[in-house]
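Presented below is the structure to which this report refers.
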Amino acid sequence: MRGDLWPRSLQRIPGGVNSPVRSFTAVGGTPVFMARGSGPFVWDVDGQCYVDLCLSWGALPLGHAHPDVVAAVCRAAEMGTTFGTATEGEVELAELVSSAMPSVEMLRLCSSGTEAVMSAIRLARAFTGRSKILKFAGGYHGHADSLLVQAGSGALTGGVPSSPGVTRAVSGDTLVCPYNDLDAVEEICAAWGTDIAAIIVEPVAANMGLVAPVPGFLQALRRVVDRVGALLIFDEVITGFRLGWGGAQAMFDVRADLTCLGKVLGGGMPLAGYGGRTDIMRQVAPSGPVYQAGTLSGNPVAVAAGLATLRLLQRPGVYVDLAARTVALSREWQSAADRAGISCSVVHTASLLTPFFRAEAPTSLGEVLQSDVKAYAAFFHAMLARGVYLPPAQFEVGFMSLSHGPEEIASVAAAAEGAFACLRDGGQ
Ligand code: PLP
C-alpha cells in the first residue's frame, strides 16, 4: 500500500478516517485506500483489484459507477450543482418514494441518515407531546446524541456502548430494549407508556451484523404503539430499497408512521430523507412548527443519482434476482465453512449477508456478541488477500449488487474456500 497515505492521514484526520467503521480497528491492520470503482470491483491506490461486498455500506445496489447514474450525475452537475431553491427532481423523488412506500405520504429530504433519524425523532416528540423514545440494543440510527445509547455499528465494534459528550439529560430520554424481545418492550411500555413518543427500530437489524426480526415482532410493535399512543418509526436507512422496492415495511406488511431513508435513496451521493403520514409531516416547518432545514437538502446532483438508481431498481424482477445471487453466495460460504469445520453461520436476507462466527444465527445483540470476532478478523484478512473486500468488522453486514454476476460469485466463493481452509490451518 502506498506507504505515505496512512501516516499522513493519521496526522490530520482523527484516527485516519472520516467515519470510524472505515478504520480497521475491529480487524487490525491498515485500512485500504480506494481509488476507483466499477460494477462489483474496487481498485486501491496501488491498482490492486477487489470484489467489493461492502459497497459503501450498502449505498450501491447497482454496483459502482453505473453508467446511467454517472450520466445523470454529470447532466445534473452541468446544469448547476446547487441552487438552494425548490427543484423538479425533488418532487419526482418524493412521488417515486411514495409510490414505492405508500406509508410515506410526504417526504422531507436531507443529507445524511443521521439527520433523517434525528429529525424524525424531533417530529415524533413534537407530534405526541412526549419526550421518551424506545430503541433496541445494537440498533444504530446515526450519531445524534439521543440515539448513541447502546448503539450498533462502529459504536459497537469500537467497544464504545455510548459516547462521551452525550449528556445524561439527553440519554435519559432514551429507553433501550433487547431486539426481538417483546416481553421487554411490554415491560418498558407498562412503566413509561404515556411518556413514549416513538419506538424506533431497524426492521431488519443490520448494524450488529444481520439479525432478522422473529416472526410477529414488527407486527407486535405496531400493536404496542397503537395501544400506548406512540409512533412507530422504521429506520430503513439500510433496508429501504434494499430488501425490496417497498423496503422492510412491504416485506413484513407493517405500516410505519414515519420512515427514515438514506444510502440507496441517493444512489451513492449524500442524500437521505424522512417521511410518513401527512398529518404528522405537516408539522414540519414551514407548514408546521417543527424546525428542520439544510443548505444542501435535496441537492440536485444527489437527487439525480437517486432518481436514476431508483428507476433502475423499479424494473420487474430486480429484487428477486438480487436475492437469488445472495442466496447462491451464502450457500457457497456456508458449505466452505462446514467443509473446513469452522463454526460459522451465514445469515442472509434479500441482498444482505453476514457470516457470524458462531454455530447458530443470532436473534439478539447478546447472541451476536458471542461471535468469535478474532475468527472474523482472520477471515476478513484472508479474503482481502484473495481480492475480496468485506466490511471490516463482524458486527456489520455485507452487501450484494446487481453487478455481482455468476463470475464474481464464483470467485468470491473460491476465495472463501481458501480463507476458511486457512482459518482451519491457522494461517492466512
Ligand atoms: N440508520 C441506519 C440503520 C444506518 O445504518 C445508518 C448508517 O449506517 C444511519 C441511520 C446513519 O446514516 P448516515 O451514516 O448517513 O448518517
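The values are calculated or read from the model by the stated rules, or taken from the named source; none is laboratory data. Remember, it's a predicted structure, so these values are computed and weren't measured experimentally. Heads up, the Cβs are rebuilt from the backbone with ideal geometry, glycines too, and the neighbour counts pull from every protein chain shown. The area values use the complete protein model at the heavy-atom level, side chains included, leaving out ligands, DNA and RNA. Shrake-Rupley method; radii C 1.70, N 1.55, O 1.52, S 1.80 Å.
Observations on the model:
- Three-way shape call for region 305-379 based on the alpha-carbon gyration tensor, with the a/c threshold at 1.5: prolate
- Entry for region 221-374 at q = 0.09, 0.10, 0.16 Å⁻¹: log10 I(q)/I(0) = -0.42, -0.52, -1.07, Debye formula applied to identical alpha-carbon scatterers, no solvent contribution.
- For region 1-85, chymotrypsin sites (Phe, Trp or Tyr not before Pro) meeting the loop criterion (DSSP other than H, G, I, E, B) and having at most 10 other Cβ atoms within 10 Å: none.
- Charge tally around PHE357: other residues with Cβ under 15 Å, Lys/Arg +1 each, Asp/Glu -1 each, net -2.
- Restricting the GluC sites (Glu not before Pro) of region 338-426 to loop positions (DSSP other than H, G, I, E, B) with no more than 13 neighbouring Cβ atoms within 10 Å leaves GLU360.
- Scattering curve values for region 250-336, log₁₀ I(q)/I(0), Debye with Cα scatterers, q = 0.22 Å⁻¹: -1.17
- Contact order normalised by residue count of region 1-142, Cα under 8 Å, 6+ apart, percent: 11 percent
- Of all DSSP beta bridges confined to the chain, the antiparallel ones make up roughly 60%.
- Max mean-square fluctuation residue, GNM over the chain, Cα-Cα springs under 10 Å, options ALA250, ALA385, ALA191: ALA191
- With contacts taken as Cα pairs under 8 Å at a separation of at least 6 residues, the chain carries a relative contact order of 22 percent.
- Taking ALA378, ALA393, ALA302 as the candidate residues, the one with maximal mean-square fluctuation in a Gaussian network model of the chain, Cα springs under 10 Å, is ALA378.
- Within a straight-line Cα-Cα reach of under 28 Å, LYS263 can be paired with the following lysines, leaving aside sequence neighbours fewer than 8 residues apart in one chain: LYS132, LYS135.
- Using only side-chain charges placed at the Cβ, +1 for Lys and Arg and -1 for Asp and Glu, the dipole size of region 281-428 relative to its Cα centre rounds to 400 debye.
- Within the full protein context, the accessible area of ASP372 is estimated at about 70 Å² for a probe radius of 1.4 Å.
- Among ALA293, ALA191, VAL27 - extreme Cα towards positive end, dipole of the chain, charges at beta-carbon: ALA293
- Rounded if a/c under 1.5, otherwise prolate or oblate - region 1-142, Cα gyration tensor axes: oblate
- Cα gyration tensor shape of region 161-257, rounded if a/c is under 1.5, else prolate or oblate by comparing a/b with b/c: oblate
- Equivalent ellipsoid dimensions for the chain as semi-axes, Å, which come from the Cα gyration tensor, largest first: 33, 26, 21
- Highest-MSF residue in the chain out of GLY89, GLY276, GLY58 [GNM, Cα springs under 10 Å]: GLY89
- A DSSP coil position with no more than 13 other Cβ atoms inside 10 Å describes the following chymotrypsin sites (Phe, Trp or Tyr not before Pro) in region 282-370: TYR291.
- Cut-off 15 Å between beta-carbons: net charge of the residues surrounding GLY426, Lys and Arg +1, Asp and Glu -1: 0
- Only Lys, Arg (+1) and Asp, Glu (-1) charged, at Cβ; the chain dipole about Cα centre in debye: 480 debye
- Given in Å, the Rg to one decimal and the Dmax to the nearest whole number for the Cα atoms of region 84-182 are 15.9, 45.
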